[in-house]
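The values are calculated or read from the model by the stated rules, or taken from the named source; none is laboratory data. What you see is a predicted model; the values in this text were computed from it and never measured. For neighbour counting, all protein chains shown are included, and Cβ atoms are generated from backbone atoms with ideal geometry for every residue, glycine included. Ligands, DNA and RNA are excluded from the accessible area calculation, which covers all protein heavy atoms including side chains. Shrake-Rupley method; radii C 1.70, N 1.55, O 1.52, S 1.80 Å.
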Amino acid sequence: MSDQRPVIGITMGDAAGIGPEIIVKSYANPDLYRYARAVVIGDAGRLAKARDLLGVQSVQIRAIETIDEAQFVPGVMDCIDLRLIPDDLPFGKLSAIAGDGAYQFIARAVELAKQGRIGAICTAPLNKEALHAGGHKFPGHTEMLAHLTGVEEVSMMLVAPNLRVIHVTTHIGIIDAIRKIEPGLVQRTIERGYNTLRKAQIQNPRIAVCGINPHAGENGLFGYGEEEEKIVPAIEALRAQGLNIEGPLPADTLFFRAGRGDFDLVVAMYHDQGHGPVKVMGLEAGVNITVGLDVIRTSVDHGTAFDIAGKGIADERSLIEALRQGAELASRH
Ligand SMILES: NC(=O)c1ccc[n+]([C@@H]2O[C@H](COP(=O)([O-])OP(=O)(O)OC[C@H]3O[C@@H](n4cnc5c(N)ncnc54)[C@H](O)[C@@H]3O)[C@@H](O)[C@H]2O)c1
Ligand SMILES: N[C@H](C(=O)O)[C@H](O)COP(=O)(O)O
């Protein structure tokens, strides 16, 4: 019988961060093999260094040139080795070389995904400052992936065990974010979230939309009517199409209600409004999904953690969960 597990490309992220360690730890975890046939796109020498510092001798690393050479044997990590990382690159230090490497790993993964050679891309973290120092002026993976796949607009969705949050704006300053929010963008973001939940077999998703101001403006008490101008028209248009939407609601109590199970999807207006509540639930189970791409991308919901990189203590569970969700999405695709 043929192997039904999707092939997932794991990008190594920033070589100076915890990416290599959490990838090695994931390969030592039997769950990885249950969900997917994984192949790493990164640097085999760096992964071997991470393995040695962790003392995980059960994982063998095979440097390969192309995906055709991947064997997908449990305990053996196939790594498409781009050989971009010097042996003596320190952990925990910002590096333009590592930033460029992170970009090149993603670019190769995108090629493979477009060719249908991998069913999903699962990303270990990159460092945005290093990425820029390496000459790639993208705010993050999300925007880079949209660019590399030729898609104009995508959304960032964070998924925690009992909470899904899609963001209307992400990697821009707060003043720019408020300017950017307008009914069309709010509507398209909600539609992307709604379609994602429908594909996950949630028939009539209960959607809650955050306001912008404290207390969602409290009927004109706070702010300048941003809720009425920027959000309400989108909600009315989607309600007219039959979507089950509440809002704009005060974000604080909305998240309280989401925590008790009132909603399937929360729509956050800006980065920290949505990220704070997800991350307070723990880094270990959160996953970041880019919604609206032609390829599937899931990610850890934490960063490069330079403060602990190279110490062998990074938690790999967000990566395993991202891989599991990537495999699930690829299987449905
Ligand atoms: N998916 C991604 O590529 C991604 C996601 C978030 C942040 N980033 C980037 O990472 C860099 C550092 O960001 P930051 O310092 O704000 O956040 P961070 O997530 O790197 O670190 C925040 C804290 O969480 C801890 N932590 C993070 N991941 C952990 C893990 N797996 N196990 C144990 N502890 C962990 C760190 O040690 C640190 O104390 C920035 O450049 C940021 O833009 C990238
Ligand atoms: N917004 C994400 C977070 O803070 O967790 C992070 O910056 C990752 O973004 P990309 O997936 O676009 O790299």
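Of all DSSP-defined beta bridges confined to the chain, some 30% are antiparallel rather than parallel. Counting only DSSP H runs of at least 4 residues, each contributing -39500 (n - 2.57), and dividing by the residue count of the chain, the helix-based mean residue ellipticity at 222 nm comes to -11500 deg cm²/dmol.
Taking every pair of distinct Cα atoms and averaging 1/r, then inverting, what Kirkwood hydrodynamic radius in Å comes out for the chain?
Final number for the Kirkwood radius of the chain is 20.4 Å.
For the range 60-68, 3J(HN,Hα) computed residue by residue from phi via the Karplus equation (6.51, -1.76, 1.60; θ = phi - 60°) reads 9, 10, 10, 6, 10, 8, 9, 5, 4 Hz, glycine and proline entered as x. Angle of helix 96-114 to the longest C-alpha principal axis of the chain, folded into 0 to 90 degrees and rounded to 10: 80°. Spin-label pair Arg206-Asp294: with each label point 7 Å from Cα along the Cα-Cβ axis, the two points sit 3.8 nm from one another. Put simply, the amide H of Ile10, placed in the peptide plane, has neighbours under 5 Å in Val39, Val40, Ile41, Cys122, leaving out anything fewer than 5 places away on its chain. Computed about its Cα centre, the charge dipole of the chain is approximately 660 debye, with only Lys, Arg, Asp and Glu carrying charge at their Cβ.
In this structure, Asp88 and Asn195 have a Cβ-Cβ separation that, at R0 = 56 Å, corresponds to a calculated FRET efficiency of about 0.75.
Average accessible surface for the range 162-276: 48 Å² per residue, computed with a 1.4 Å probe over protein heavy atoms with every protein chain in place.
For the set Arg317, Arg51, the ranking by accessible area, highest first and with no ligand, DNA or RNA atoms included, is Arg317, Arg51 under a 1.4 Å probe. Axis of helix 44-54 versus longest Cα principal axis of the chain: the two differ by about 90°, to the nearest ten degrees. Between Arg239, Arg117, Arg37, the residue with the greatest mean-square fluctuation in the GNM of the chain (Cα pairs under 10 Å linked by springs) is Arg239.
By how many nm would the segment from Asp272 to His171 lengthen if fully extended, with 0.36 nm per residue of separation less the alpha-carbon distance?
On the way: separation 101, 0.36 × 101 = 36.36 nm, distance 0.99 nm.
Gain on extension, Asp272 to His171, equals 35.4 nm.
Given a 1.4 angstrom probe, I'd like the percentage of the accessible area of the chain that is carbon and sulfur, rounded to a whole number. Let's see the in-between values first.
Numbers: 7110 of 14220 Å².
For the chain, the apolar C and S fraction of the accessible surface comes to 50 percent.
Residue separation of Ser331 and Asn219 scaled by 0.36 nm, minus their Cα-Cα distance, works out to 35.7 nm of gained length.
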